[in-house]
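The values are calculated or read from the model by the stated rules, or taken from the named source; none is laboratory data. Source: prediction; values computed, not measured. Ideal geometry is used to build each Cβ from the backbone, glycine not excepted, and the neighbour counts take in all protein chains shown.
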Amino acid sequence: MHVVILGSAAGGGLPQWNCRCPICSLARTESGRVKPRTQSSIAVSPDGERWLLVNASPDIRQQISDTSVLHPREGLRHSPIHAVLLTNGDVDHVAGLLTLREGQPFTLYGTAGILDSVNGNRVFDVMAADVVRREPIRLDYAFEPVPGLTVTLFAVPGKVPLWLEDESMEIGAETETTVGAMIESGPKRLAYIPGCARVTDDLKARIAGVDALLFDGTVLHDDDMIRAGVGTKTGWRMGHVPMTGPGGSIEALADTDIGRRIFVHINNTNPVLVEDSVERDRVESRNWTVAHDGLSLTL
Ligand code: MLT
Ligand code: MN
Ligand code: ZN
């Protein structure tokens, strides 16, 4: 199985367009201390020929341009991307669908709950219904979006997308609106969970034995955004478990059997983004990799 991390940042990317926090500022310099990063998406293929895109970020055009295996290869119009899967309806995971217009056939997969947020917004009709099929997938049901690749979606603690929040919103609910994807090719297994509010025993049992885990690395501490002085929201309020502190993912997953541990969906306020930081050191010493764009794995 081939995996390419197309975008390793959370919503907003790095640097974020309007942010002068120390990390965004460093990402605008040539110092090499902070690598710029695009928004959350991966591509997966069983054979290097046919690819599944998991999440369609607002940066998808640049991500495809920068990734030669995703370039058109035959005739006048072609794409190696055969299918797109959504793990939630957040802007950073769906806005890129608008770039995938132009009459290119593919199938769009997600839970009914996630596809509803796309179906309910007519701007997405730029993906013509007779060209792009939208296929709702039940939780815990194995399907094959690309021949040779089996995917199973499972609920993880989360919340509705920010743009759908209302008074009835519940944080940490395990519903169809935030899912993880278990992606399998032959004996190899990859778990992709870019958003998760809490590490539960169910989740640990689910991912035990995977060859690689790509996991929510939005915040280091629950209060990263407050510490950085750029916002008032905690990780929990945004539906993201912190890497460290009470209930943090590093500790919670320490005893689970996992091949490679990689943080993705990293917010621009997360100190681990600084290459020479003590925070980066600390995370790496616990066997976690902080993803950068273009990081690829062969499982
Ligand atoms: C998130 O992951 O919390 C969302 O992408 C936030 C957003 O939509 O800006
Ligand atoms: Mn996000
Ligand atoms: Zn910033």
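When you scan segment 264-299, how many residues do you find that are in contact (Cβ under 8 Å) with a residue 60 or more places away in the chain and either part of a loop (DSSP other than H, G, I, E, B) or within 14 Å of the chain's Cα centre (by Cα) (or both)?
Final tally of qualifying residues: 17.
Taking the stated definitions as given, is Val123 under 26 Å from Ala197 (Cα atoms), touching a residue at least 12 places away in the same chain (Cβ under 8 Å) and either in a loop (DSSP other than H, G, I, E, B) or not small (Gly, Ala, Ser) (or both)?
Here the answer is no, as Val123 does not meet what is asked.
So which residues in segment 2-33 are assigned to a loop (DSSP other than H, G, I, E, B) and either among the β-branched types (Val, Ile, Thr) or within 16 Å of ligand 1 (Cβ to nearest atom) (or both)?
Going residue by residue through segment 2-33, those that are assigned to a loop (DSSP other than H, G, I, E, B) are 8, 10-13, 15-21, 28-33.
Passing the criteria: Ser8, Ala10, Gly11, Gly12, Gly13, Pro15, Gln16, Trp17, Asn18, Cys19, Cys21, Thr29.
Can you report the number of residues in segment 1-51 which are within 16 Å of ligand 3 (Cβ to nearest atom) and either on the phi > 0 side of the Ramachandran plot or of a type in the set (Asp, Glu) (or both)?
Total satisfying the criteria: 2.
Could you please tell me which pairs satisfy a Cβ distance under 8 Å, a separation of 6+ or placement on different chains, a first residue in segment 229-250 that is under 24 Å from Thr177 (Cα atoms) and touching a residue at least 24 places away in the same chain (Cβ under 8 Å), and a second residue that is near ligand 1 (Cβ under 9 Å from one of its atoms) and acidic (Asp, Glu)?
Qualifying pairs under 8 Å: His240/Asp216; Val241/Asp216; Ser249/Asp216.
Cβ-Cβ distance below 8 Å, separation of 6 or more or different chains: which pairs start in segment 19-42 with a residue that is at pLDDT 95 or above and end on one that is assigned to a helix (DSSP H, G or I) and among the β-branched types (Val, Ile, Thr)?
Val34/Ile23; Ser41/Ile60
Among Glu251, Glu184, which is the only one that is under 18 Å from the mean Cα position of the chain (by Cα) and farther than 19 Å from Gly11 by Cβ?
Glu184
Looking at segment 1-32 only, could you name the residues that are in contact with a Pro (Cβ under 8 Å, 6 or more places away or on another chain) and of a type in the set (Ser, Thr, Tyr)?
Passing the criteria: only Ser25.
State whether the residues of segment 276-299 include one that is buried (at least 23 other Cβ atoms within 10 Å of the Cβ), of a type in the set (S, T, N, Q) and in contact with a strand residue (DSSP E or B) (Cβ under 9 Å, 6 or more places away or on another chain).
Scanning segment 276-299, I find no residue that is buried (at least 23 other Cβ atoms within 10 Å of the Cβ), of a type in the set (S, T, N, Q) and in contact with a strand residue (DSSP E or B) (Cβ under 9 Å, 6 or more places away or on another chain), so the answer is no.
Within segment 253-262, restricting attention to residues that are part of a loop (DSSP other than H, G, I, E, B) and either without any contact (Cβ under 8 Å) to a residue 12 or more places away in the chain or of a type in the set (A, V, I, L, M, F, W, C) (or both), which residue is farthest from ligand 2 (Cβ to nearest atom)?
Filtering first and then ranking leaves Asp255.
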